[in-house]
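Colleague: I have a structure I would like to understand better, so I am pasting it below and will then ask my questions one at a time.
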Amino acid sequence: MNQAVELESSMRQRLAALDPVSLELIDESHLHAGHAGARSGGRHYRLDITSARLLGCRTLERHRLIYAALGDLMQQHIHALSITART
């Protein structure tokens, strides 16, 4: 299994902790070829997630929950993450 597939699988497993009703994760790294983050190996993703766990949270709180779920992947393997988070 290649690194990109392993990373996406790991991201999905970690985000499962938020009990998503729906989760769409799109690798947009190819759109950022030549970008500094892409050169260093960091990948670019777009995340669309719906979860009751986000109910009552403001946007910043939702993003913090997502970043916490992804943990060290945010510092090591993910250069950019565009988030749409709903309840």
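Colleague: Can you confirm whether the stretch 60-68 contains a residue that is crowded, with 16+ Cβ neighbours inside 10 Å and in a strand (DSSP E or B)?
Modeller: The answer is no, given that none of the residues of the stretch 60-68 is crowded, with 16+ Cβ neighbours inside 10 Å and in a strand (DSSP E or B).
Colleague: Out of the residues in the stretch 43-59 meeting the condition of being open to solvent by less than 60 Å² (accessible area, probe 1.4 Å) and not aliphatic (A, V, I, L, M), tell me which one is farthest from residue 16 (Cα to Cα).
Modeller: So the residue we want is 44.
Table: residues versus (1) outside any helix (DSSP H, G or I); (2) open to solvent by less than 90 Å² (accessible area, probe 1.4 Å); (3) modelled with pLDDT under 80.
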{"position": "11", "(1), (2), (3)": "no, yes, no"}
{"position": "14", "(1), (2), (3)": "no, yes, no"}
{"position": "23", "(1), (2), (3)": "yes, yes, no"}
{"position": "34", "(1), (2), (3)": "yes, yes, yes"}
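Colleague: Confirm whether residue 27 is among the charged types (D, E, K, R) and either modelled with pLDDT of 95 or more or open to solvent by 70 Å² or more (accessible area, probe 1.4 Å) (or both).
Modeller: Considered against the rule, which asks whether it is among the charged types (D, E, K, R) and either modelled with pLDDT of 95 or more or open to solvent by 70 Å² or more (accessible area, probe 1.4 Å) (or both), residue 27 comes out as no.
The values are calculated or read from the model by the stated rules, or taken from the named source; none is laboratory data. Predicted model, so just to flag it, every value in this text is computed and none were measured. Reconstructed Cβ throughout: ideal geometry from the backbone, glycine too, with neighbour counts over all protein chains shown. Accessible surface is based on the protein model in full, side chains and every heavy atom, while ligands, DNA and RNA are left aside. Shrake-Rupley method; radii C 1.70, N 1.55, O 1.52, S 1.80 Å.
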